[in-house]
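Data block below; observations after.
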Amino acid sequence: MAKNSVDAYGASGKTNLLFFDPERLILVTDVASPLHDPRVDLPVNEDLARNIDFHGVLQPISVVKNTETGETEVAVGRQRVKAARLANKWRHARGEPPIQIPAQVYRGDRRTALTAIISENELREADTPLGRAEKMRRVMAFGYSETEVATIFGCSAATVRATIALLDCCADVCKAVESELINVTHARQLSKLSPDAQREKVRELITAGEHVVGHARARAQRAVIGEAKPKLRSRGEIMRELNASSGERAITLRWVLGLGTTDEGRT
């Protein structure tokens with residue numbers, strides 16, 4: 001007697017998949033919706049469409065029912081839906097049956113759907129810095145704390161602050177970050193300046209980073225941004241700095257080393 005699929009594969013349980021005509025699935029374009037993802041406006045990935053034309057959709061998408069309209073909306077899997085639609089156009093032209101999309105019901109509420117979208121996209125293909133900044137801002141607008149946003153994106157709270165600061169930067173700075181000519185930390189520092197000052201400083205950063213790579217590039221750009229002096233780390237480095245210092249700085253360095261203060265160090 002044939003075993004059922006749970007026994008045959010040694011699974012702990014199973015769920016039922018639903019299958020959809022991709023044309024009947026709704027891709028949310030309302031930016032106010034927690035189901036909205038800016039990637040919905042990206043052009044169709046023809047490589048993905050060709051893969052789906054050949055193999056079908058191998059990984060199920062996630063869907064939710066809109067209780068107001070009764071429509072089935074895509075929570076996770078927009079690019080697969082768009083690519084399947086294109087693949088079906090090709091199949092129709094060849095007189096072949098259309099591909100259906102396997103889907104599972106997203107069990108969370110609509111408020112948490114955005115975090116599911118982000119988590120999957122971050123694990124699949126990292127978004128651009130500006131795209132991540134906008135998504136972080138949207139998640140926080142739904143009531144999540146900075147720490148929770150950091151958990152969702154798999155980064156530190158400091159990275160969340162630095163990334164969101166991109167939204168206060170002028171277009172020249174954003175373009176430089178997107179092109180990897182400067183990093184997000186630089187952009188955060190530039191966000192505190194006026195737009196004109198941002199444009200001037202980002203040009204200096206780009207120029208400083210030309211023709212150098214790695215640590216040399218980082219040092220050159222730190223000098224421009226005002227971080228040329230390295231932080232003191234070892235006790236020996238601090239001691240050498242103390243020997244060359246006087247006044248308040250010497251007092252502070254002696255305190256760091258646990259040496260107390262001397263009359264010579266007082267002002």
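Any read-out appearing in this document is the output of simple, stated calculations on the displayed coordinates, not a laboratory observation. The shown structure was predicted, so the numbers you read here are calculated from the model rather than taken from an experiment. So basically every Cβ, Gly included, is an ideal-geometry build from the backbone, and we count neighbours across all protein chains shown.
So here's what we get for this one:
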item: Förster radius 41 Å - calculated FRET efficiency between Arg203 and Phe19 (Cβ-Cβ, nearest 0.05); result: 0.15
item: Structure-based [θ]222 nm, the chain - -39500 (n - 2.57) summed over DSSP H runs of at least 4, per residue, nearest 500; result: -15500 deg cm²/dmol
item: Antiparallel DSSP beta bridges within the chain, percent to nearest 5; result: 65 percent
item: Positive-end extreme of charge dipole, the chain - chosen from Asn66, Tyr106, Ala93 (charges on Cβ); result: Tyr106
item: Relative contact order (percent, whole number), segment 126-168, Cα cutoff 8 Å, 6+ residue spacing; result: 49 percent
item: Residue among Arg94, Arg24, Arg78 with the largest mean-square fluctuation in a Gaussian network model of the chain, springs linking Cα atoms under 10 Å; result: Arg94
item: Cα-Cα P(r), segment 126-168, percent of pairs per 5 Å interval; result: 5, 28, 39, 25, 3
item: Distance between segment 1-66 and segment 152-181 - C-alpha centres, whole angstrom; result: 31 Å
item: About the Cα centre, charge dipole magnitude for the chain (Lys/Arg +1, Asp/Glu -1 at Cβ), debye; result: 480 debye
item: GluC sites (Glu not before Pro) restricted to DSSP loop in segment 45-74 with at most 15 other C-beta within 10 Å; result: Glu68, Glu71
item: Dipole moment magnitude, nearest 20 debye, segment 126-168 about Cα centre, only Lys, Arg, Asp, Glu C-beta charged; result: 40 debye
item: Prolate/oblate/rounded call for segment 171-225, Cα gyration tensor, a/c under 1.5 rounded; result: prolate
item: Assigned charges on the beta-carbon of Lys, Arg, Asp, Glu; segment 171-225 dipole about Cα centre (debye); result: 220 debye
item: Taking N as its residue count, the alpha carbon Rg of the chain over 2.2 N^0.38 Å; result: 1.46
item: Dipole-positive endmost among Pro22, Gly131, Leu205 within the chain (Cβ charges, Cα centre); result: Leu205
item: Placed amide H near Ala75: partners under 5 Å, 5+ positions off or other chain; result: Ser62, Val63, Val64
item: Tensor-based shape of segment 1-96 (alpha-carbon gyration tensor, a/c under 1.5 rounded, otherwise prolate or oblate); result: oblate
item: Gaussian network model of the chain, springs between alpha carbon atoms under 10 Å - residue of Ser12, Ser62, Ser179 with greatest fluctuation; result: Ser12
item: Selected from Val184, Val139, Val105 as most flexible by GNM, with the chain as the system and alpha-carbon contacts under 10 Å; result: Val105
